[in-house]
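Presented below is the structure to which this report refers.
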Amino acid sequence: MPDSEISTIQTRILNILTNLDLQSELERSGKLKISHEDSMLAITNDTGKFLNFLLSIINCNRVLEIGTSVGYSTLWMALTLLQNHESLANLKKSILTIENNPSKIKRARKNFEEAGVTDMVEIVEGNALDILTQLPEKMKHDKFWGNKLFDFVFLDADKENLVRYFDLAMAVMRKGGLIVTDNILLPENYRPAMLKYIDHVRKNKYVRSVTVPIGYGEEVSLKLN
Ligand SMILES: C[S@@+](CC[C@H](N)C(=O)[O-])C[C@H]1O[C@@H](n2cnc3c(N)ncnc32)[C@H](O)[C@@H]1O
């Protein structure tokens, strides 16, 4: 049975997700006039549920996310970790999420504080490529970054560096772990970068990968044993 603190946090997360769903809807419909820079650009609600399902089936303990925005996808993943663990003590710094936009980081922090997951989620501010490049070394020597491999990686930042993000993520993920990449099918203007990405992933003999037509299209890539 989850302790009462865990169920309170789950309820708070679900409330915040509901509010963010409404905001996303306003953004997508164009009813809310907002610059691209300030937009949430969040995954869809059904993609959130899909991530929740995938994290459960691999018995996920540790997540790496590239592209936090205001924390919508992060909260979906935090929810699964809470559903699958009986004690908050085991979940400290279980999600490491990278974002380079300071105003979005501020909004994400507020959402994580309201949900009560600040101990679980570590936001790393900066350029994803730099941070991922340094990650293996930091994980070896630095207690803050932890020395446990990740079970799940979610790639949802810029698309130009996606192939490099994939290779760097493979180096810090356990066998049997998953890398999920958003925007494989939509928007249309990402298609050339995404086709290059799919080609790269599927040529890797240590990976089995499939496109799932949910939300904007998710590439789900399994690191083989
Ligand atoms: C599509 S949004 C992420 C949405 C989020 N995963 C969600 O579903 O709620 C992409 C985010 O990646 C960030 N980003 C883009 N390029 C980046 C980079 N090179 N390093 C770090 N963050 C980056 C953007 O500022 C933006 O907030």
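Summing +1 for each Lys or Arg and -1 for each Asp or Glu among the other residues whose beta-carbon sits under 10 angstrom from that of Phe144 gives +1. Ranked for footprinting exposure by Cβ neighbours inside 10 Å, fewest first, Ser94, Ser56, Ser24 give Ser56, Ser24, Ser94. Relative contact order, percent, of the chain when contacts are C-alpha pairs under 8 Å separated by at least 6 residues? Value for the chain: 18 percent.
If a spin label sat at a point 7 angstrom from the Cα of Ile34 along the line to its beta carbon, the backbone N atoms of the stretch 60-88 nearer than 18 Å would be those of 67-76. A full extension of the chain between Leu222 and Phe144 corresponds to an added length of 25.4 nm, given 0.36 nm per residue minus the alpha carbon distance. Rounded to the nearest 20, the size of the Cβ-charge dipole of the chain about its Cα centre is 600 debye, with Lys and Arg at +1 and Asp and Glu at -1.
For the stretch 4-223, the alpha carbon positions stretch 45, 44, 31 Å along the principal axes, listed from largest to smallest.
Extending 7 Å from the Cα toward the beta-carbon at both Arg208 and Arg174 defines two label points whose distance is 1.9 nm. By the count of neighbouring beta-carbon atoms within 10 Å, fewest first, Phe166, Phe154, Phe112, Phe144 end up ordered Phe144, Phe166, Phe112, Phe154.
Only the coordinates and a few stated rules stand behind these numbers; no lab work does. Bear in mind that the values here come from a model prediction, so they are computed numbers and not experimental data. Here Cβ is always computed from backbone atoms with ideal geometry, including for glycine, and neighbour counts include all displayed protein chains.
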